[in-house]
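Read through the structure below, which is laid out as structure tokens, and then see the notes.
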Amino acid sequence: MTSSPNSRRTPDPVEHHDSVRDALVEVAENSFFAFADPLDAEQFGELAAAVPTWICAQVSFDGAFGGSMTFTVPEQLGQELFASFLGESPDELADDGRLFDLVGEFGNMVCGSWLTRTCQRRRFDLQHPQVDRREGLGEFEPSANLLVSVNGQPVALGLAFTGR
């Protein structure tokens, strides 16, 4: 297959890990009063082993290029972020609808911040986040994800691009 000068290469997710991490840190600190630090696969695995239930939000986007960002957090962290974002007591648990909305919004904010930083003036459309609960991580590949700790809990951010 030949490429023309007008064809575009599908981006490599790993090339964007630093800018995605920057967007995550900005959103966590400025909107959720949380702290994010990088993790390696071993550190992530140790923290993840103690997590029974995860909330996963996927935000799809389309524009100069298309793809999706998947944001996987422990349910406990989702509850903490919910309370912090809304200024509520951390002892009061959010119902599933509100919790899923909040984790989806966190993913939406990180994805939007990353796209704005990365592509500045290009237009992107973000779809409503798809959010679900998962028991365990299933077939999880740490090397394919950006791994961070948010308030000492493991978070995985996956980035995938669709070809044009």
Scan the stretch 145-158 and give yes if some residue there is among the hydroxyl-bearing types (Ser, Thr, Tyr) and out of contact with any strand residue (DSSP E or B) (no Cβ under 7 Å at 6 or more places or on another chain), otherwise no.
-> no
Only one residue in PHE61, PHE65 is at pLDDT below 90, among the aromatic types (Phe, Trp, Tyr) and under 27 Å from PHE124 (Cβ atoms), so which one is that?
-> PHE65
Candidate set: the stretch 144-164, residues that are within 15 Å of the chain's Cα centre (by Cα) and small (Gly, Ala, Ser); chosen: the one surrounded by the most Cβ atoms within 10 Å (Cβ to Cβ) | ALA156
Are any residues in the stretch 120-161 out of contact with any Lys or Arg (no Cβ under 7 Å at 6 or more places or on another chain) and among the aliphatic types (A, V, I, L, M), and if so, which ones?
-> LEU126, VAL131, LEU137, ALA144, LEU147, VAL150, VAL155, ALA156, LEU157, LEU159, ALA160
Pick from the stretch 13-44 the residues that are in contact (Cβ under 8 Å) with a residue 60 or more places away in the chain and more than 16 Å from the chain's Cα centre (by Cα): which of them is surrounded by the fewest Cβ atoms within 10 Å (Cβ to Cβ)?
-> ASP40
When residues of the stretch 105-140 are filtered for being over 23 Å from SER31 (Cα atoms), in contact with a strand residue (DSSP E or B) (Cβ under 9 Å, 6 or more places away or on another chain) and among the acidic types (Asp, Glu), how many remain?
-> 1
Within the stretch 30-61, the residues that are in contact with a Leu (Cβ under 8 Å, 6 or more places away or on another chain) and closer than 23 Å to HIS128 by Cβ are PHE32, TRP54, ILE55, VAL59, SER60, PHE61
For LEU47, which of the numbered conditions (1) among the hydrophobic types (A, V, I, L, M, F, W, C); (2) part of a loop (DSSP other than H, G, I, E, B); (3) surrounded by 15 or more Cβ atoms within 10 Å (Cβ to Cβ) fails to hold?
-> (2)
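The values are calculated or read from the model by the stated rules, or taken from the named source; none is laboratory data. As the structure is a computational prediction, the values presented were derived from the model and not from experiment. With ideal geometry, Cβ positions are generated from the backbone for all residues, glycine too; neighbour counts draw on all protein chains shown.
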